[in-house]
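Engineer: Below is one structure. I have some questions about it.
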Amino acid sequence: MKLSSRFEKIEPYLFVGISKTIAEKKAQGIDVISFGIGDPDIPTPEFIIDSMKENSNDPLNHRYPESEGLPELRSSIVDWYQKRFNVSLDSEKEVVSLIGAKEGIGHASFCLIDSGDISIIPDPGYPVYAAGCNFAGGEVYKIPLLEKFGWLPELSKIPDHIKKRAKILWLNYPNNPTGAVADLDFFKEAIKFGKENDIAIMNDACYTEVTFDNYTAPSILQIPGAKEIAVEFHSFSKTFNMTGWRLGFAVGNEKLVQSLLTVKSNLDSGVPQAIQYMGIEALKRSEEFLDINNGIYEKRRNKLVKALRKIGLEVPTPKAGLYLWCKIPKEYTSAQFTELLLEKCDVVVTPGTGYGSSGEGFVRLSLTTPDDLVDQGIERISKWNLI
Ligand SMILES: Cc1ncc(COP(=O)(O)O)c(C=O)c1O
């Protein structure tokens, strides 16, 4: 059986390989400590689970949901956006619920990309931007994110022949994997770039609520006129420890939101309603919950940064997101360093190159490892003389 030609461009999903390695080690009786995938170890808060329990008993929630999401969820999202970012949205036209942000990000390319069209994606970057484009039959142009520019793309360096064929520019701030943040000046430049070149700006804003040291992340939709060209993706996964429930949303430009809904209504039937009610509850009580949750990550961040610096590695202290982006010694590639760490310390990190070739020289550590394992992991890493 011959698979479609689009599979030639699709690589196995990064964490499938890493999970396999961990499983193999475990099968050999080796207890591995993973700083790999960003999957919160802290349980979904009880008040959100309670809402699931209550709503799962209602037969109305046992039937097909509407693809766009319950009106009550869309209204909650609109209220939250107004309060959080001072951005007004129309719940009927500018909001769509998603089966996790990954689903929406993956499907978004189908709205704009025809054969021969280009998506401009950050390198290093979340692999789904490229996968969605490739599945839609498009081509990817990778724009390097460099440390010297604060891990922001240099939009002025994108060649004219690429701009002519590009339909989407993907952004992701706060950023995975680099931990970088963008300010409103950068978002303003991106919106200007999008309007001048008729390129849709898709900002993956999954980490805006996971912030430290009193930092508040902006929304690209705060830029006046942004809705003419931009869409923003959000996730309940990282914010509310809800990776397993699958809930996210996209907001912004009406044409893009509505075409994403058309794709979704033809391919999936939306988010189970009891899960949508969890989202309503989560947004209602986000403020009281987030301080506690982010406080846990902040402590882990501080501990790990200190330990990594102590063994001679260079690592900045991120203001947001769930990751440390750590520079490794020059004598190793990021794949070699990752392998050695697993071999010598039974510790898993993600090689920077898993996010693109510009990730060479770095590894990513996730903060979603339980506190006791963070301590054990630090102990193991500290014993290995890396430098
Ligand atoms: C940058 C980025 N976007 C999107 C997602 C996916 O989020 P969700 O669980 O809502 O699909 C992730 C998950 O790791 C991510 O890191």
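We did not get these values from a lab; they are worked out from the coordinates using the rules stated. Everything numeric in this text was worked out from a predicted model, so none of it was measured. Because the Cβ atoms are built from the backbone with ideal geometry, glycine has one as well, and the counts that use them run over all protein chains shown.
Engineer: Fewest first, what order do Leu60, Leu373, Leu247, Leu304 take by the number of other Cβ atoms within 10 Å?
Structural biologist: Ordered by Cβ neighbours within 10 Å, fewest first: Leu60, Leu373, Leu304, Leu247.
Engineer: May I ask you to compute the full-extension gain from Leu60 to Lys344, defined as 0.36 nm times their residue separation minus their alpha-carbon distance, rounded to one decimal in nm?
Structural biologist: Here the answer is 96.9 nm.
Engineer: Per DSSP H run of at least 4 residues, take -39500 (n - 2.57); add these up for the chain, divide by its residues and hand me the 222 nm value, nearest 500 deg cm²/dmol.
Structural biologist: -13000 deg cm²/dmol
Engineer: Test of understanding: extend the Cα→C-beta vector of Ile30 to 7 Å, then name every residue of region 304-343 with backbone N under 13 Å from that spot.
Structural biologist: 338-343
Engineer: Which entries in Lys9/Lys142; Lys227/Lys255; Lys83/Lys192; Lys102/Lys238 show an alpha-carbon gap greater than 18 Å?
Structural biologist: Over 18 Å apart, Cα to Cα: Lys83/Lys192.
Engineer: Taking the beta-carbon count within 10 Å as an exposure proxy, list Ser286, Ser97, Ser19 from fewest neighbours to most.
Structural biologist: By the 10 Å Cβ count, ascending: Ser19, Ser286, Ser97.
Engineer: Quick check: Cα centre of region 1-70 to Cα centre of region 192-265, how many Å?
Structural biologist: Each part's Cα centre sits 21 Å from the other's.
Engineer: While we're looking at this one, here's another question. Which of Lys2, Lys188 comes first, and how do the rest follow, when ranked by fewest Cβ neighbours within 10 Å?
Structural biologist: Ranking Lys2, Lys188 by Cβ neighbours within 10 Å, fewest first, gives Lys2, Lys188.
Engineer: Excluding residues on the same chain fewer than 8 positions from Lys306, give the aspartates and glutamates whose Cα lies under 19 Å from its Cα.
Structural biologist: Asp213, Glu298, Glu314, Asp371, Asp372, Asp375, Glu379
Engineer: Tell me which lysines have Cα within less than 19 Å of Lys310's Cα, excluding those fewer than 8 residues away on the same chain?
Structural biologist: Lys299, Lys327, Lys330, Lys344, Lys383
Engineer: Treat the chain as a sphere of radius equal to its Kirkwood radius over Cα pairs and apply Stokes-Einstein at 37 °C in a medium of 0.692 mPa s; give the translational diffusion coefficient in µm²/s, rounded to a whole number.
Structural biologist: 152
Engineer: What nm distance separates the two modelled labels at Asp50 and Glu8, each placed 7 Å from Cα along Cα→Cβ?
Structural biologist: Rounded to a tenth, the inter-label distance reads 5.7 nm.
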